[in-house]
Structure formats: structure tokens, C-alpha cells
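Computed from the coordinates by the stated procedures, all read-outs in this text should not be read as laboratory data. None of the values given here were measured: they were computed from a predicted structure. Here the Cβ positions follow ideal geometry from the backbone for every residue, glycine too, while neighbour counts run over all protein chains shown.
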Amino acid sequence: YKEGLTRRFAGVEYEKLSWAELAKIRMPEAALERYRRAVDAVILHNRAQSDPLHRWYINAVVVRDLTGGRNEAVQDYLVTRKAELDAHHAHYHLTPRDNRKPIKVVDEVDVSALQPGYMLDAPPSGADAEVKEEEPAAQG
């Protein structure tokens, strides 16, 4: 069974698939792409928010809520982006407690809105580039 699936999806560029197509594929590579998109969608969502109530601490629960998947697989994926997530959380002063709110992440973050093939711009020096307007201007 697994060999057939492996042959069937050999050469598939998961990052170029739509969310609807990606959600139907039950391969580890497709799951990793779903996790990547979920994390990127939350990062972009957090960058766009001026109200801290609408920012999310990215952890396995948030990613699973957005994509489904096994907890262990999601946690393994998040380890691969630990430094980036730590910097993101520190920049916005986010902790797991910030996810305790009457709002559900699935009602705020739309992973399917990300266009296939996009790549999240890496923020310079571990800070989120798109929030510079919130930082005080240098005087002098």
C-alpha cells in the first residue's frame, strides 16, 4: 500500500499544490507542507495584527487545529523551526497563555488563503520585518 502511494506521489511538488489538493494527500511530505503553511499563515496573521488579543503563540495545538495531523509529527516539525519561532514569539512577547481566549485560531487564520508556491520572507536579524512601523523611530 505504502509503496503504491510513494510511486503515485513521486515527483510531486507539494509546495505548488492548492490547499484543497494538499489536504487530500496523506503522505508525510504533504503533511510537512501543510504544517509549513500553517506556521507561515500564523506568522503572517500575527504580523498583520495591531491588537495583541488576535496574535497566536505557535505550538502543536495551533498547527493541529489548522491542519489536523498527529501531535508527534507536528511537534517534530516545529523543532525544525524552533529558532525562528522563538524569535517570533519573543518579538511579540507571546507565551502559550496567549492562546487562552474566547476566539478559535481556525476562525482567525485561513491557511488556504496562502497562494501555492509562496515563500515566507525571512525576517532580518531574527525580528519580524513587517512590524517595523510599530517600533519607535530612532532619534538623532
Using the Cα gyration tensor of segment 44-102, the equivalent ellipsoid's semi-axes, largest first and to the nearest Å, work out to 20, 14, 9
Whole Å is fine, so just give me how far the alpha carbon centre of segment 40-68 lies from that of segment 73-124.
-> 5
How would you order 101-113, 66-78, 30-42 from highest to lowest mean count of nearby Cβ atoms within 10 Å?
-> 30-42, 66-78, 101-113
What shape does segment 21-72 take by its C-alpha gyration tensor, where a ≥ b ≥ c are the square roots of the eigenvalues and a/c under 1.5 counts as rounded, a/b above b/c as prolate, and the rest as oblate?
-> prolate
